[in-house]
Amino acid sequence: MTDDYEALRRFRSAVGPPDEAAWAAVRAALQQEIAAESEHPQPMRTIRRRRSPRLVAAALVALTVTGAAAYAATALIGVGSPAPNPPSPFPPSRINLLGLRIADPDGGPPWGIRLALRQPQSPPGLARQQPDVAIQIGRIRDGQMGFIGADGVFHDDGLFHIAGPNSALTTPANYPISGTPQKPDLKTVYHFALTQPGVASAYQGCSTVKVPVPAQFRYTKSQTARQERVLRQELAVLRAGGPAARRIVRLFGGTIAGVRLQIEQSLQTFEQQSSGFTTQLTFETCPPRDLRTLVTGFAGPAATSVSIAGQGVHESETLTPSDDGFYLFVLPQHWTYASKFQATATCRNGHTVTGEAAPGTPNPPYCPEN
């Protein structure tokens, strides 16, 4: 049996905060219902008047059809433990999350870009180095970038895991810039337009695999052994601590923990290369439906939109000042070295610039300031 409240019950699920467009739709629905009730007034009652269930249901329907339900689906994803954040000898001093939000083909938290800015420490006696920026890509929830527990990572728990400054986010580029980490001159970022593999979890791969070293190792066996001895001696000094450890850290810059990690990674690389194999993350074991192609680039602060075309794809993206000239497309397809697209940037002055988004960023579109 149904009653006047049945429609309301069907839309009673939790819905997150809607945007202004959703509220505009709600107000329009309410005004329409009020006008309809005014044309057919009900008999006067002695109790205080309430809006009819039909009126409330109409407002909730308006919220649903304008996308607020999609927002709710995103908001309902739980939060798990933070993602691993290993120490780094050169951690970022500032992280800036850009404004763009790109929907995933399967829904859930949108994708975004953040800029990890740092000021490298120069060894004593050398000129001060330029700051640099790492472009990092991940899923966004409540203003935080992170990963989804899927594709064999985070125990496939389906939760959102906040990424730390040094977490294994997809990082397509790292470029020197002018200015400081606090006041970076993003106009000096190298122009790029890249395609690269991605996966729904936003992690860098679903498993590891041993692959042959692609090129002949540049050291002989005796040179490799000597390099390993030096690194092991430095690692022993760092583990012991004291003035000798601090002297090594001053040469590298950073912290004792960060330099130890750097040396341990170098040792691992030496051992793997001398054996003829190295360990790499791979997308080969990822579920096919979770594979993504990420198209990202920097078209400059004067760009107002970017579109890509090719391989059956025709997509366009409007840029706002909070995007700082960066763009991102998330495509539901497996990336290959043939993943190339025509990329067109529309500039503030109305001109368009066409280039290519591809592996190796051979011809990126860019809007000059003038």
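A short reminder: the numbers here are calculations on the coordinates, not readings from a lab. All figures in this text were calculated on a predicted structure; none of them were measured in a lab. Glycine gets a Cβ as well: all are built from the backbone with ideal geometry, and neighbour counts include every protein chain shown.
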Nearest-0.05 FRET efficiency for residue 225 and residue 333, computed from C-beta distance (R0 41 Å): 0.35
By average C-beta atoms within 10 angstrom, highest first, the peptides 149-156, 350-357, 312-319: 149-156, 350-357, 312-319
Amide H within-cut-off set for residue 99, under 5 Å, with H built and near neighbours excluded: 323
Residues with amide H under 5 Å from that of residue 145, placed H, sequence gap 5 or more: 163
Karplus-derived HN-Hα couplings along the stretch 320-328 (A = 6.51, B = -1.76, C = 1.60, θ = phi - 60°), whole Hz, x at Gly and Pro: 10, x, 6, 8, 6, x, 8, 9, 8
J(HN,Hα) series, the stretch 194-200, from Karplus relation 6.51 cos²θ - 1.76 cosθ + 1.60, nearest Hz, glycine and proline x: 10, 10, 7, x, x, 9, 4
HN-Hα J in Hz across the stretch 141-150 - Karplus 6.51, -1.76, 1.60, θ = phi - 60°, x for Gly and Pro: 9, 6, x, 10, 9, x, 10, 9, x, 7
Long-range HN-HN contacts of residue 79 with modeled amide H, under 5 Å: 160
